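Worksheet: the structure to be examined is printed underneath.
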């Protein structure tokens, strides 16, 4: 693993890792998180290859390990000792954002999936979307901006533009949005703004 050590034979490397994990410190917790996330994702990849005959790139697995570690530290670490804030004498408490599980639903082979989004911030406002087929391949992506500073208007504009440009590809489009309000408006459960 080469965590700050010279590359050793695997037995010696594992002994070094275990010695490092015996302490009750942030450093030990980080090493434990790296080992657990790495072993978990490697085993998951092994099962994917053995039982589903699919494989993922090493880069994707490494990014997944980093994401798992990031979520772990957001959950576990409440204070950041020896941070810039600490050195300036500013007391901070980290607030954990609750992860929201989500997944992409693939469309049937004869359809495309449109995932759209709109946003408003101090830097500006805009919308965009992406069309994917049943294999997850990107078929079309778009982005734009609209004069309104209303988030729901940007969300609805993203869907409207997506449906207009998407008809050049197919008339079978499944629309996905992260806006419950936009979904309710499109399904006549709520009045538009």
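What follows draws every value from the coordinates through simple rules; no lab data is involved. Source: prediction; values computed, not measured. Neighbour counts run over all protein chains shown; Cβ positions are idealised from the backbone, glycine included.
Just a few scattered comments:
- For the range 112-186: Kirkwood Rh in Å [reciprocal of mean 1/r, alpha carbons]: 12.4 Å
- FRET efficiency, 1/(1 + (r/R0)^6) with R0 35 Å, evaluated for residue 50 and residue 111 via beta carbons: 0.65
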